[in-house]
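Student: First the structure, then my questions, so here it is.
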Amino acid sequence: MFAPIEWMIAGRYVRARRTEGFISVIALISFLGIMLGVGALIIVLSVQNGLRAELVKSVLGFKGHITVIAAGGGELGDYAAVAERIRQADGIASVTPLVEGQILAAHAGRSSGALVRGLTKADLKVRRLVAENIKQGTLETFNGNNAILIGSRLALHLGAVVGDKITLVSPNGTITAFGTVPRMQAYTIVGIFEVGHFQFDRSFIFMPLEASQKYFRLNEGVSLLEVFVDDPDALRGPRQAVLSALGPNQRFFDWQQENRTIFNALQVQKNVMFLIVTLIILVASLNIVSSLVMLVKDKGSAIAILRTVGAPRGMIMRIFLIAGTSIGFAGTLVGVIGGLLITNNIASIQAFLEGLSGTELMSAEVFFFSQLPSEVDPGEVVMIAAMSLGLSVLATLYPSWRAARLDPVEALRYE
């Protein structure tokens, strides 16, 4: 497509010379701008993807994909029959009955609000996010009427360890002549889990199903059913199956509806960051226009000589296309490599910066995650590289056209 002579001439034009120092500086700025823009865009989008993936992993590891509750709240009636009807539908992986309630946890003069979730040991073992992140104790002792499993940050706040007893206080207590007396009962900590999500590690307590039914006085009932599907992102079929299985006083919602606000906010943030960082690449591409226009003006006599010895206009245009595109290609290539290197080692970089500064860059209390997550999407990397190269090529069209249209007679007259 391009002749060797065109590559040679373009290469000489791009390389710095003493008389073209300012042009070379502009070309260098263009290269750095494209490199930084491409690298920053890859890092930003990868971090956004990582945040979304971690949130989805945390949400789906703790809660079902579809939740069935009573229409008016309270106890879910006839849940066994409803659960069996749902299990028969296509795309349904499992259905778990749960008891759920807000309580106040107290130990050694400290207290904190928490959410109790009651389920069987077998169902808890299936939830790998919790079962595979037991830091102290074991799930084998998760049975009986006084065993509980709590999050690591809740245990730290209460100053409790495995084997300690903590008191759970329910606001739905016993009604007496003097008012409602809160219901209090002591439970033994048999395990402490840590999943890396501040909200879950700080607020959740797991209790055996029968013990939770007694504590919340539900007899043989439950608070809700959690439905797990084969594909969490494909909910149309399972939604219809759940709807068909429900009674008149039951309703449901899925994980996408429950977390719609936060995921929409992440998507908006991702789009805004993409637009902002893309402007860096655009500005760098405009610098290519400036440098090539100045190069065309500076090389007017050389272009005229080439034209007089028979070089066609297409050759002149291709020379400057190569000169400008090479800047964009080099900046894009270095930016992609740098962005991928930083993204794949972002945890090590975070640890290094924290050690250097002596501060915690990502406090779990503020950001919910203690480490900055990242997930590279190959499709997005290809899109970013293609966009950068496309803008670089577009930036060379006008200067190249102007060079090809240069009149050799006029150019030599003023030399």
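Student: Here's a check for you: in the stretch 334-362, which residue that is modelled with pLDDT under 80 and polar (S, T, N, Q) is farthest from Leu28 (Cα to Cα)?
Tutor: Thr359
Student: Being touching a residue at least 24 places away in the same chain (Cβ under 8 Å) and not aromatic (Phe, Trp, Tyr) is the requirement here; does Val272 meet it?
Tutor: The answer is no for Val272.
Student: Against the conditions (1) touching a Gly at 6+ places or on another chain (Cβ under 6 Å); (2) closer than 17 Å to Ser58 by Cα, where does Leu209 fall short? Just the number, please.
Tutor: The failed condition is (2).
Student: Let me ask something additional. Of the residues in the stretch 68-106, how many are of a type in the set (Asp, Glu), in a loop (DSSP other than H, G, I, E, B) and surrounded by fewer than 15 Cβ atoms within 10 Å (Cβ to Cβ)?
Tutor: Within the stretch 68-106, residues that are of a type in the set (Asp, Glu), in a loop (DSSP other than H, G, I, E, B) and surrounded by fewer than 15 Cβ atoms within 10 Å (Cβ to Cβ) number 2.
The values are calculated or read from the model by the stated rules, or taken from the named source; none is laboratory data. Since the structure is predicted, the reported quantities are computational estimates derived from the model, not experimental observations. A quick note on method: Cβ atoms are made from the backbone with ideal geometry, for glycine too, and the neighbour counts reach across all protein chains shown.
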